[in-house]
């Protein structure tokens, strides 16, 4: 086994871009806070849509509401779902079916009923989500095996109640 010498590290204390070029994620690390949170990575060159995004699920169908979402049937998005009454949508990459200018659906790989209009955040492509528990204030280190996760555009870190995040790439 040889040692890889070209691995670099990027750091954020608030959500934002770790980098804006193609690469491979080799590992990641994050520090939680006193409140449960989420560390979500997207492969994108644009800031994810988070303001005013809500959803509900009936069976396999998740209906997302976002005023003037601008998406069309057949578009692919990556989405992170927050907990709602009855569960959570499954984070991942989905094909959109546009219902109206303000709503669209995706077909979840799991089924259930979620009510209460929990929040969601979406962008070009979802890569990974890690949840932190309340008072999870230690460093969580996650090595990624093999060649790592391929990033086509750039790495955006969406951090909800996360004190800091690190990405190791190369």
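Computed values, structure above
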quantity: Residue among 74, 146, 78 that alone is within 30 Å of residue 10 (Cα to Cα) and either in contact with a helix residue (DSSP H, G or I) (Cβ under 8 Å, 6 or more places away or on another chain) or in contact (Cβ under 8 Å) with a residue 12 or more places away in the chain (or both); calculated: 78
quantity: Residue match in segment 109-116 (condition: in a strand (DSSP E or B), surrounded by fewer than 12 Cβ atoms within 10 Å (Cβ to Cβ) and in the same structural domain as residue 18 (by TED's automatic domain parsing)); calculated: no
quantity: Condition met for residue 28 (within 17 Å of the chain's Cα centre (by Cα), closer than 13 Å to residue 157 by Cα and at pLDDT 95 or above); calculated: no
quantity: Tally, over segment 117-143, of residues that are more than 15 Å from the chain's Cα centre (by Cα), in the same structural domain as residue 12 (by TED's automatic domain parsing) and either exposed (fewer than 15 other Cβ atoms within 10 Å of the Cβ) or not in a loop (DSSP other than H, G, I, E, B) (or both); calculated: 10
quantity: In segment 54-77, the residues that are within 20 Å of residue 160 (Cα to Cα) and surrounded by 22 or more Cβ atoms within 10 Å (Cβ to Cβ); calculated: 55, 64, 77
quantity: Criterion violated by residue 86 - all others in (1) farther than 20 Å from residue 51 by Cα; (2) modelled with pLDDT of 95 or more satisfied; calculated: (2)
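The values are calculated or read from the model by the stated rules, or taken from the named source; none is laboratory data. Remember, it's a predicted structure, so these values are computed and weren't measured experimentally. Every residue, glycine as well, gets a Cβ built from its backbone with ideal geometry; the counts of neighbours run over all protein chains shown.
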